[in-house]
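To keep things clear, I will list the structure first and then write my remarks on it.
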Amino acid sequence: MAGAELFATRGFHGVSIEDLGRAVGTTGPALYRHFPGKDALLAAILIDVSERLLAGADERLRGSPDPDDALDALLAGHVEFALTEPALITVHDRELDNVPPEQRRIVRRLQRQYVECWVRVLGQLRPDIPEGRLRAKAHATFGLLNSTPHSAGDLALAEMSTLLRSMGRAALLA
């Protein structure tokens, strides 16, 4: 994801189509054969990651009929994503407003579906908590897990993964 790395380090407005072309081993104008502009490339990146997160959550839930195991699987999947693709988290956090409105709606819809996967599992574990509060817990936990581009520091990947899964679980079930 060379484009995501560039957008994460320089920001959407700090990256030219020529920069993006060079990053993938071609010219900037050659990218226009695939994308009408860098905003469309950004949209493709964010739609792709949103689709992958949702598909991963669906797969984990199908493989974990027990809600406690399902929560662990969701946490493991999101933590793995956060630790291995921090540029995508940064780009999503900073640059979603630079995505054309139609594609932004697609990203937001996919995100809502992803959140609802978590809310369903949490609802099974904590039926005493209203859905709105469970949704807020999920969003707050994503903030914690997605802080890894800024907080991973000197911890080894496995240690950070264990720490984040433990903290995420505690936050969700608090």
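Could you identify the single residue in LEU172, LEU163, LEU88 that is within 25 Å of ASP66 (Cα to Cα) and touching a residue at least 60 places away in the same chain (Cβ under 8 Å)? If you could, list the steps in order and put the result at the bottom.
On the way: LEU163 fails: touching a residue at least 60 places away in the same chain (Cβ under 8 Å); LEU88 fails: within 25 Å of ASP66 (Cα to Cα).
Only one candidate qualifies: LEU172.
The lone criterion from (1) outside any loop (DSSP other than H, G, I, E, B); (2) open to solvent by 30 Å² or more (accessible area, probe 1.4 Å) left unmet by HIS34 is number (1).
Name the single residue, out of those in segment 12-31 being part of a loop (DSSP other than H, G, I, E, B) and of a type in the set (A, V, I, L, M), that is surrounded by the fewest Cβ atoms within 10 Å (Cβ to Cβ).
First, pick out the residues of segment 12-31 that are part of a loop (DSSP other than H, G, I, E, B): 15-16, 24-27.
Adding the requirement that they be of a type in the set (A, V, I, L, M) leaves 15, 24.
On the way: VAL15: 21, VAL24: 15.
In this case the residue turns out to be VAL24.
Close contacts from segment 43-59, counting a first residue that is closer than 19 Å to ARG94 by Cβ and a second that is exposed (fewer than 15 other Cβ atoms within 10 Å of the Cβ), with Cβ to Cβ under 7 Å and a gap of 6+ residues or different chains, come to ALA43/PRO100. The set of residues from segment 94-127 being in contact (Cβ under 8 Å) with a residue 24 or more places away in the chain, under 16 Å from ILE47 (Cβ atoms) and either in contact with a Gly (Cβ under 8 Å, 6 or more places away or on another chain) or not aliphatic (A, V, I, L, M) (or both) comprises GLU95, ASN98, PRO100, GLN103, ARG104, GLN111, GLN113, TYR114.
Cβ-Cβ contacts under 7 Å between residues 6 or more apart (or on different chains), taken from a first residue in segment 23-42 that is hydrophobic (A, V, I, L, M, F, W, C) to a second residue that is open to solvent by 50 Å² or more (accessible area, probe 1.4 Å) and part of a loop (DSSP other than H, G, I, E, B), are listed as LEU41/PHE35.
The values are calculated or read from the model by the stated rules, or taken from the named source; none is laboratory data. Remember, it's a predicted structure, so these values are computed and weren't measured experimentally. Glycine also receives a Cβ, built like all others from the backbone with ideal geometry; neighbour counts cover every protein chain displayed. Each accessible area value is taken on the protein alone, full model and side chains, heavy atoms only, with ligands, DNA and RNA left out. Shrake-Rupley method; radii C 1.70, N 1.55, O 1.52, S 1.80 Å.
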